[in-house]
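Structure, as structure tokens:
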Amino acid sequence: LGETKLTSGAGLANIDGNIDYGHKQFNLHFTTQQFPLESVLGLFKNVDLQKVRGKTDANGKLSGWGKNFALNIQGTTLGGGWDPLFVEKITSDFVLTYPQLHLKSLVWQRGKNTGEAELTVRYGKMLADRTRDKNIELVAHVNNYQLSETFSELAGLTGTAQGHFELNGHLPQFHGTGHIVGHDGMWKVLYYDHIISEIDIKPKKVLLEKI
């Protein structure tokens, strides 16, 4: 397979490598420059994937065959996130194999690391609807996170936050807990100098407690 170039707007992707049908082996390498994630993930039927946005510089490799494949991607996304939540910069390390997906990301604001998240999805047996059983584990932290960047227009929320979140369970059911501490901000027209809240997360429901 000779070098192949893909473009989407100002974004560019380069793909090269080989596909050995005789030995049943993929060996493909690719790089992207300012490539919009939505132009690829928007093709999937999964509505959650369709909400992912951002221009990404990345390099990756696809190897293996059938159930013994591995997809590895390292990338930097600017102005991206999960619609309608966006951040200035995200650096990510993504590994996908047949039994598991693993994603570790760092969030950056004004040159400083203000958050991180680690997601693991373990895939199980095939279900009646032809999808696979999924068990999810998510751990996330924020530190000196500037809320206005993500939540000012969305929820009228500003200030600086520290927090910790954990979520786990079999999809579509899961349960998450966490806590958040906010400083020196506003919610709509209400000013606060210090606020603490416990968080309980369930499908289609986020509950703030003990504020």
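The values are calculated or read from the model by the stated rules, or taken from the named source; none is laboratory data. This structure is a prediction, so every number in the text was calculated from the model and none was measured. All Cβ positions, glycine included, derive from the backbone under ideal geometry; neighbour counts span all protein chains shown. In case anyone asks, the SASA skips ligands and DNA or RNA and just uses the protein heavy atoms, side chains included. Shrake-Rupley method; radii C 1.70, N 1.55, O 1.52, S 1.80 Å.
Structural remarks
Residue-by-condition table, conditions (1) touching a residue at least 24 places away in the same chain (Cβ under 8 Å); (2) in contact with an Asp or Glu (Cβ under 9 Å, 6 or more places away or on another chain):
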position: Y123; (1), (2): yes, yes
position: A128; (1), (2): no, no
position: R132; (1), (2): no, no
position: N135; (1), (2): yes, no
position: N144; (1), (2): yes, no
position: L147; (1), (2): yes, no
position: T150; (1), (2): yes, no
position: L154; (1), (2): yes, no
position: L157; (1), (2): yes, no
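- Within the stretch 157-176, the set of residues being open to solvent by less than 80 Å² (accessible area, probe 1.4 Å) and closer than 20 Å to T114 by Cα comprises L157, T158, G159, T160, A161, Q162, G163, H164, F165, L167.
- Criterion (touching a helix residue (DSSP H, G or I) at 6+ places or on another chain (Cβ under 9 Å) and either touching a residue at least 12 places away in the same chain (Cβ under 8 Å) or not polar (S, T, N, Q) (or both)) met by exactly one of G169, G185: G185
- Comparison of T120, T150, T177 shows that the only residue that is in a strand (DSSP E or B) and within 27 Å of D57 (Cα to Cα) is T120.
- Here V142 does not qualify as in a strand (DSSP E or B), modelled with pLDDT under 95 and out of contact with any Pro (no Cβ under 7 Å at 6 or more places or on another chain).
- Residue check, L138 among the aliphatic types (A, V, I, L, M), surrounded by 16 or more Cβ atoms within 10 Å (Cβ to Cβ) and either within 22 Å of L78 (Cα to Cα) or within 18 Å of the chain's Cα centre (by Cα) (or both): yes
- The lone criterion from (1) acidic (D, E); (2) out of contact with any Ser or Thr (no Cβ under 7 Å at 6 or more places or on another chain); (3) without any contact (Cβ under 8 Å) to a residue 60 or more places away in the chain left unmet by D57 is number (2).
- Total residues in the stretch 177-211, condition open to solvent by 50 Å² or more (accessible area, probe 1.4 Å), of a type in the set (A, V, I, L, M) and under 24 Å from Q146 (Cβ atoms): 8
- Contacts under 7 angstrom Cβ, first residue in the stretch 64-90 being within 19 Å of L103 (Cβ to Cβ) and in contact (Cβ under 8 Å) with a residue 24 or more places away in the chain, partner hydroxyl-bearing (S, T, Y) and assigned to a helix (DSSP H, G or I), 6 or more apart: L85/T150; F86/T150; V87/T150
- Here D133 clears all of (1) more than 13 Å from the chain's Cα centre (by Cα); (2) buried (at least 17 other Cβ atoms within 10 Å of the Cβ) except the condition numbered (2).
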